1. Using the Cα atoms of segment A:168-216, I'd like the radius of gyration and the largest Cα-Cα distance, Dmax, both in angstrom.
2. Compute the Kirkwood hydrodynamic radius of chain A, taking the inverse of the mean of 1/r over all pairs of distinct Cα atoms, and give it in Å to one decimal.
3. Taking a quarter of the surface of the Cα convex hull of segment A:2-174, what do you get in nm²?
4. How big is the Cα convex hull of segment B:4-71 in projection, averaged over all directions, in nm²?
5. Indicate the gyration tensor shape class of segment A:117-182 (rounded, prolate or oblate), computed on the Cα atoms with a ≥ b ≥ c the square roots of the eigenvalues: a/c under 1.5 is rounded; otherwise a/b larger than b/c is prolate and the rest oblate.
6. Could you tell me how many degrees, from 0 to 90 and to the nearest 10, lie between the Cα long axis of helix A:297-313 and the main elongation axis, the longest principal axis, of the Cα atoms of chain A?
7. Extending each Cα 7 Å along its Cβ direction at B:E108 and A:D217, get the distance between those two points in nm, one decimal.
8. From the helices alone, meaning DSSP H stretches of at least four residues, give me the mean residue ellipticity at 222 nm for chain A, per-run term -39500 (n - 2.57), in deg cm²/dmol to the nearest 500.
Amino acid sequence: MTLLVMHAGPLSTVQDLGRIGFGSIGVAPSGAMDPWALRTANALVGNDDGAAAIEFTMSGPTIAFEDDAVVALSGSRFDAAILRSVSGSAFERDVDAAPAPHQMSFRLRAGETIRIGPTLSGARGYLAVRGGVEVDEIFGSRSTQVAAGLGGRVLKQGDRLATGAGVDAPTRRARTTSAYKSEQRLRAIPGPQREIFVAGSIERLFSSPYKVTTNADRTGIRLEGAAMELTTIPDIDPEGVVVGALQVPADGQPILLCNDRPTTGGYAKVATVIGADMHLAAHVKPGDTVRFEVSTPDAARAAWRDLEDSWRAAIEDVE
Amino acid sequence: MTGWVWQGERGLLRSFDGPLAEANAVARAASDSLRAAVFPEVADVVPGARTVLVELRPGAEPSDALVRAIEAEPPKAAINAGRLHEIAVKYDGEDVAAIAALRRIRSEDVIELHASAEYTVAFIGFQPGFPYLIGLPEQLVVPRLSSPRVKVEWGSVAIAGEYSGIYPSDTPGGWRLLGYTDTVLFDPARTPAALLAPGDRVRFVRA
């Protein structure tokens, strides 16, 4: 089966659940910024949770299907339509558009097109296709590391993407609430470089709103708000960093490190957003507000287990 | 020092004191032994300049055995004995003159100093295959550029602080450029993908 990219959108990439275990050679995990939305989209079309799908950002791609397919949209809600051309006309005004379902699998016939326009909610959405998107695996993953140009695919107009076979999927929907809020609450564990911050400065992170700047991508999200004061220069001997780390350069403004982050960092880190809340950060847009709340390793693990338990329960077959 | 700290709920970060070369040797040894031990809850082990970061799988708790291994006295030497790589460099980088001016030496001395030292790969970080090399002569220690370049070409041999490095791919970068090599540092189709491993030694040869 083949998908044809008619229009790519600002940043549409192939992502799965990422490549784990290659930090010591400088390879970031990459993978879906909202892994739960990716899993949901895959479950809706009957794929394995970790199959590769398309992640799009702020505005989506337009993709023509050359074969019958079962697909699903998840993540933030975008303005999406199914286009059926009228008697083979190439003119847009001659196509019959129907809104594409969200969080529910649906069938496309050969020759139909899905057009995903601007977001109606948060920054990222996902399109899964029954059979999964098939690009070459690099280190066991089809994810795209955008900054290093490693693996996966950044969609471009005219690209053809292969998918696995299969149209034998039941219709399913997901009863999940939106992960997007224009005022997002993110739980974070303070440290590890507390000593580099002036006393009271770390409390400021947890008591003030921070605005999402336009400098926000899969590598990191720059925030702007009450500056943290440093006791010294923020440079530390470079050390391994986890996704979710809030590193603070000399200007005192935190940067939230995301899936394509460098594997090591030489700036002090004030706190780390817990794993269970990173999928919420995946949907914030420039101009949105985030507030941080203190968490602990135990609470963070419990939150992750809750997510594990709840996401699959939200998926049901539709008659 | 046997302490470690949490980095989020998934990172256990242990640091080592002392001069950089010694602390790094211990960090590499600790990293090698933690990686070799294979704990099921561990997703990755990442050595840094003077740290080792143990990254847990999502939702996983560290076992007592893992915590004991992280707190244990690291072995005296890293498993990797250190292969020697000779890397040919054309020393015509854009920042040679600026480095010379900063350190009040001649451009020729900058090149001579850089090419005469033997380096150790302290760790790989930043980008796939990017080596942080220690052993830089003290006369070449200069700060990073105050504003990074939007694009540094792959193969650029550069210095910043106590480190020398080589950019494996085109990327924005703030290190000062000494020259270029056409040695391919990272190729995912190759085994191993990264040419250099922590503990390897590097000599730069004038091309």
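Any read-out appearing in this document is the output of simple, stated calculations on the displayed coordinates, not a laboratory observation. Given the structure is predicted, the values throughout are model-derived calculations rather than measurements. All Cβ positions, glycine included, derive from the backbone under ideal geometry; neighbour counts span all protein chains shown.
1. For segment A:168-216, the Cα radius of gyration and maximum Cα-Cα distance read 18.5, 60 Å.
2. Every distinct Cα pair counted, the radius reaches 20.3 Å.
3. If I average the Cα hull's projected area over directions, I get 9.3 nm².
4. Its average projected convex-hull area is 4.0 nm².
5. Oblate.
6. Helix A:297-313 sits at roughly 10 degrees to that axis.
7. For B:E108 paired with A:D217, the spin-label model returns 4.3 nm.
8. Mean residue ellipticity at 222 nm (helix-derived): -3500 deg cm²/dmol.
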